[in-house]
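Below is a structure I'd like to ask you about.
The values are calculated or read from the model by the stated rules, or taken from the named source; none is laboratory data. Keep in mind the model is a prediction, meaning the values are calculated, not measured. Note: ideal-geometry Cβ built from the backbone for every residue, glycine included; neighbour counts use all protein chains shown.
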Amino acid sequence: MKFTIYKKMLIGFGIIIMLMIATNVYVLIQMNKVTKSTTETYTYNVRGIDIAKQMQTALFDEEPYAQKAAALHDGEYYKWFELQSRMFDQYADSLTTTRLSPNDRAIVEKIRESHEWFADATRRATFGLGRRNDPALDDEARSDSLDALHAELREFIGMNEVSVKRSMTEAGDRMNKSTNVAYILSVCTLLIAIGAAVFITRTITRPIGVLIQGADQIARGQFVPIQVATHDEMSLVARAINDMSDKLESIDKMKTEMMHHISHELRTPLQAMISALNLLTDQRYGTLNTEQLRLTSFLREGINKITAFSHQFLDISKIESGAMKYNFAQTDLLSVLLPVIEEAKLIATRKNISVTVNATPIPKVKADIDRIPQVYSNLLSNAIKYTPENGRIQIDVGQSKFGVRVSVSDSGVGIAPEDLPNVFTKFYQAKNADKASSRGTGVGLALVKALVEAHGGRVFAESVVGEGTRFTVELPSVKETVIPSFAAIQQSVN
């Protein structure tokens, strides 16, 4: 079963919503129980307490009328006694309609019986019924009966007050428990929500990161298939990008093969042109005048540019296709730099550009002595090209944390900040390239970067428009250190 991003999000948010619903349902159920318990307590226990207190009041009002009616045998007092007695009985009837526990019901029945006995004794005493020695007519007996009634009412009220307190305590405990459970469920829901969010986010962002990395590799010309383990929309995007990458790789191979073929095809006519030009300049087939000789110099310069471009592009094609072969060996980099610097100095003198060297002892590097000179030759050629007359070029050689560092600085036109990240891109031309004495092909710096990286090094550029540019090449060093004769180098270039 494929879990698309939509399904993952639906399941994740569905779980979170279900947990929230479960939490709310649990809280509502507990709140309902608490409300029901509180309602029952108020309806029965509190109401029973209120009725019992009213019965106490009625009994207190009934007592003096009973005493006067029994002592004076007065009908008026007896009438008021009966009125209070009926009121007491009505309260007792109301009390029996409430929901009572067995103990409460037994106490209520006992209260009713005691009150009936007290009322009957009062009636007999009022109207002189019965014998003189009858206990019902005894004032002390009636007083004891009245005390018993008050005690039973107090007992009933006390028991119900305890019941109310117990119910309130239980309701509070239940509320606390419900609150704690609600907190726990809320925290669990939050943690699950965070976990689901992280999981869903990771399942989306991780493949996106892989896609971005793969797209960057494709942009750099590395057509490596993108591997996405998910079975969702991201895998479809990866498949589409891989298909595009395969087509781009096929087109790039065709382009490389075509340019490789063109470069090879150019060599033969270029060599023929150079041979013919040499015959003309040697004047083997007739004397040339000054203007004709000047024209042949232009021809030679053009042929040299085409030849250099052809060689550089062919080298880049070999590097990109993996066909370039290297012969690495421990090399004294200064001995490699010396002829390159001397050649650059000869070219720089035409524009009256000074070339200086600042060198410190450096260890040997592992390099191909046929390829590494191309790096510094291209950098110096660019420096001369973009430096105006009477300018200066400085070469700094020394150690760095990475190994050996060689920097070429010029006082040329500089490179704009927006162009600087692209200077090593093949065929890229900066906006101010037209300010150079001769326009480049956009291949030299790309070849520099390719060769430096093939040697395990790195190259970067720093520039300020109008002040100049500094290119730095860093190569990893080997353990053995060589201290060359810097005086000879300084003398040769200054």
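For the condition under 24 Å from Glu389 (Cα atoms) and modelled with pLDDT of 75 or more, what is the one hit in Thr290, Thr356, Thr360, Thr331?
On inspection, the qualifying residue turns out to be Thr356.
Residue check: is Thr43 modelled with pLDDT under 80, out of contact with any helix residue (DSSP H, G or I) (no Cβ under 9 Å at 6 or more places or on another chain) and polar (S, T, N, Q)?
yes
Of everything in the stretch 197-250 that's outside any helix (DSSP H, G or I) and among the β-branched types (Val, Ile, Thr), which residue is farthest from Gly12 (Cα to Cα)?
Val224
Related question: Checking Val375 against (1) closer than 22 Å to Lys449 by Cα; (2) in a strand (DSSP E or B), only one condition comes out false. Which one?
Unmet condition: (2).
Checking Asp173 against (1) within 30 Å of Ile29 (Cβ to Cβ); (2) charged (D, E, K, R); (3) modelled with pLDDT of 80 or more, which test does it fail?
Status for Asp173: all satisfied but (3).
Against the condition closer than 25 Å to Asp332 by Cβ, at pLDDT below 90 and either surrounded by 13 or more Cβ atoms within 10 Å (Cβ to Cβ) or touching a Phe, Trp or Tyr at 6+ places or on another chain (Cβ under 8 Å) (or both), how does Ser492 come out, does it pass?
yes
State which residue pairs qualify: first residue within 16 Å of Ala308 (Cα to Cα) and inside the stretch 370-394, second residue of a type outside the set (Ser, Thr, Tyr) and part of a loop (DSSP other than H, G, I, E, B) in any location, beta carbons under 6 Å apart, and separation of 6 or more residues or different chains.
Lys385/Ala436
Still on this structure, I have one more. Cβ-Cβ distance below 7 Å, separation of 6 or more or different chains: which pairs start in the stretch 234-256 with a residue that is modelled with pLDDT under 75 and end on one that is small (Gly, Ala, Ser)?
These pairs meet every condition: Asp252/Gly221; Thr256/Ser317; Thr256/Ser321.
What pairs can you find where one residue is in the stretch 87-106 and under 10 Å from Ile51 (Cβ atoms) and of a type in the set (A, V, I, L, M, F, W, C), the other is at pLDDT 80 or above and surrounded by 14 or more Cβ atoms within 10 Å (Cβ to Cβ), and their Cβ atoms are less than 6 Å apart, with a gap of 6+ or different chains?
Matching pairs, first to second residue: Ala92/Arg112; Leu95/Ile51; Leu95/Val108.
If a residue has to be in contact with a strand residue (DSSP E or B) (Cβ under 8 Å, 6 or more places away or on another chain) and more than 23 Å from Arg470 (Cβ to Cβ) to count, how many in the stretch 321-367 make the cut?
So the answer is 7.
Does the stretch 338-368 hold any residues that are touching a residue at least 40 places away in the same chain (Cβ under 8 Å) and either touching a Cys at 6+ places or on another chain (Cβ under 8 Å) or closer than 22 Å to Val443 by Cβ (or both), and which are they?
Val340, Ala344, Ala348, Ala367, Asp368
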